[in-house]
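Here, each number is a calculation from the coordinates, and none is a lab measurement. Owing to the predicted nature of the structure, the values given are computational and were not obtained by experimental measurement. Note that each Cβ is placed from the backbone with ideal geometry, even for glycine, and that neighbours are counted across all protein chains shown.
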Amino acid sequence: MKVGGQHFRTIWLKPDDEAVVQLIDQRFLPHRFVIEEVRTVEQMATAIREMHVRGAGLIGASAGYGMYLAAIEAAARPEAAEVDERLTHVAAQLKATRPTAVNLSWAVERQLKNTADGKNATEKVALALRTARSIADEDAEHCRMIGQHGLELIRKIAGKKAGKRVNVLTHCNAGWLAFVDYGSATAPIYAAHDSGLPVHVWVAETRPRNQGSKLTAWELGEHKVPHTIIADSASGHLMQRGAVDLVIVGTDRTTFTGDVANKIGTYLKALAAKDNDVPFYVALPSSSFDWRLRDGLKEIPIEERSAEEVKQADGWFEGQQVEVRMAPEGSPAVNYGFDVTPAHLVTGLITERGVCEANEKSIRTLFPEQAQ
Ligand code: MRU
């Protein structure tokens, strides 16, 4: 997508040095556009853990490039078996950085499987590079396809509204910043806007880290998509007043039965949507399905982050990014990163292969190769 009119992905190899990964450091958005250079797998693990990069697809792509950097480092060892041993060790470290987004372990496992075929260190590095590139390119292409399938949903609603704007509500940032390009929840919105449909987005701010008001609002603004930031708690009120035509959110992990883990607060929006007959869609590339998990509530690991994220906020003040405390210093806080929306509250899943219902039969019809 575009930043200041120039096309960017969220992660790429440095053009004149392929041993360096460049990425957009999201901690500084929307105030400053900073590109970070990552040279070691340790630096990549930090970038994922500390959320320089975030969002399911981008976490997967970053882990893919992290494994490539690890392969370069490990290639100093003479024996192929030693390289494998090092990669297995690093794989566990990367997987431990953030527990909820399944794209992380999916990408790491894919790297382990592919690099195992290399007969020596040089071959393993080449395979790791090819795999990292494929993960990133597929992510972008799958999100582009999600946009095309989701566009039809928006087009249908627009057809019924006779030229009035279509209001989409979204939560957190499942935009291009959360992937390599296009985004999942935002891809249909960009496709609709680009094809001339009058689309407007309600952007839920998404406490505590405000990925909605900081990131989604920024990227929609860069693409000139009309949008309005709302407090998280305003979503139900807007739905009761008929101001929301559909909800589209992303997901960090969805079970093969259609239970959806997404940023904390998603479940409450799904409940409000159900009560007000507002369609509630989840957009995801197939890399965000967990084909091993049946029961999202019982089985999806929910990340708990620092309580300080709840008690503090950061923002821009007199040319600087500053942190302020909003809560009594002594009050305890707890910070669940995600919640699970049960399948029965989900109207449909928008994938790269089309739209399906949030149930096992419908999901497996789109992905028959994932038969048990
Ligand atoms: O904690 P984050 O910012 O990595 O959370 C992930 C998200 O951005 C959301 O949960 C998003 O809606 C799904 S990831 C595409």
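Brief remarks on what is shown
- Label zone at Q312 (point 7 Å along Cα-to-Cβ), backbone N below 11 Å, the stretch 325-344: 325-326
- Against the main long axis of the alpha-carbon atoms of the chain, helix 102-115 sits at an angle near 30°.
- Value of relative contact order over the chain, rounded to a whole percent, pairs C-alpha under 8 Å and six or more apart: 15
- For F338, nonlocal amide neighbours, meaning residues 5 or more places apart or on other chains whose placed amide H falls under 5 Å from its own, are I264, E303.
- Converting phi to 3J(HN,Hα) with the Karplus coefficients 6.51, -1.76 and 1.60 and the offset θ = phi - 60°, the stretch 180-189 yields 8, 6, 6, x, 9, 5, 7, 4, x, 5 Hz in sequence order, with x at every glycine or proline.
- On Cα atoms only, tilt of 56-74 relative to the major axis of the chain in degrees: 10
- Rounded to the nearest Hz, the phi-derived 3J(HN,Hα) couplings of the stretch 338-352 under the Karplus curve 6.51 cos²θ - 1.76 cosθ + 1.60 (θ = phi - 60°) are 9, 9, 10, 9, x, 3, 5, 9, 9, 6, x, 10, 9, 10, 5, where x marks glycine and proline.
- Long-range HN-HN contacts of I230 with modeled amide H, under 5 Å: V203, A204, E205
- Helix content alone sets the calculated 222 nm mean residue ellipticity of the chain: runs of n ≥ 4 DSSP H residues at -39500 (n - 2.57) each, divided across all residues, give -12000 deg cm²/dmol.
- Per-residue HN-Hα couplings for the stretch 289-297 [Karplus 6.51, -1.76, 1.60; θ = phi - 60°; Hz; x = Gly/Pro]: 7, 9, 6, 9, 9, 9, 10, x, 5
- For the stretch 2-138, the calculated P(r), taken from all Cα-Cα distances in 5 Å bins from zero up to the bin holding the longest distance, is 2, 11, 22, 24, 20, 12, 6, 3, 1, 0 percent.
- F256 long-range amide H proximity, modeled H, under 5 Å: D290, L293
- Stokes-Einstein D for the chain, Kirkwood Rh over Cα pairs, 25 °C, 0.890 mPa s (µm²/s): 117
- For K311, a cut-off of 30 angstrom between C-alpha atoms picks up these lysines, skipping any fewer than 8 places away in its own chain: K95, K214, K263, K269, K298.
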